[in-house]
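Laboratory data are not the source of any read-out in this text; all were calculated from the coordinates shown. Given the structure is predicted, the values throughout are model-derived calculations rather than measurements. Cβ: placed from backbone, ideal geometry, glycine included. Neighbour counts: every protein chain shown.
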Amino acid sequence: MKVEVNNKEVELTHESTITQLTEQLELPSQGIAIAVNNKMIPRTEWDVFVLHENDKLVIIKAACGG
């Protein structure tokens, strides 16, 4: 199945969760936020939130400074 992550196509196994996606992309466990189809998904839901074909994800990484 294909989803779009920060405007790049990513291939996932069928019915992957956000947690599985973060592991596949080797993202840090802290300091990121994820929105699916313009809706922020709380970290507490990442293990159970199932992604679907053509979902559009935005991954935001925290940065220090201002």
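Values for this structure:
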item: Cα-based shape type of the chain, given that a ≥ b ≥ c are square roots of the gyration tensor eigenvalues and the cut on a/c is 1.5; result: prolate
item: Environment charge of ASP47, counting only residues whose C-beta is closer than 15 Å and scoring Lys/Arg +1, Asp/Glu -1; result: -2
item: Length-normalised contact order for the range 2-61 - Cα pairs under 8 Å, 6+ apart - percent; result: 49 percent
item: Loop GluC sites (Glu not before Pro), the range 12-66, which have at most 10 other Cβ atoms in a 10 Å radius of their Cβ (DSSP); result: GLU15, GLU26, GLU53
item: Where labels lie 7 Å past Cα in the beta-carbon direction, separation of GLN20 and ASN54 in nm; result: 2.1 nm
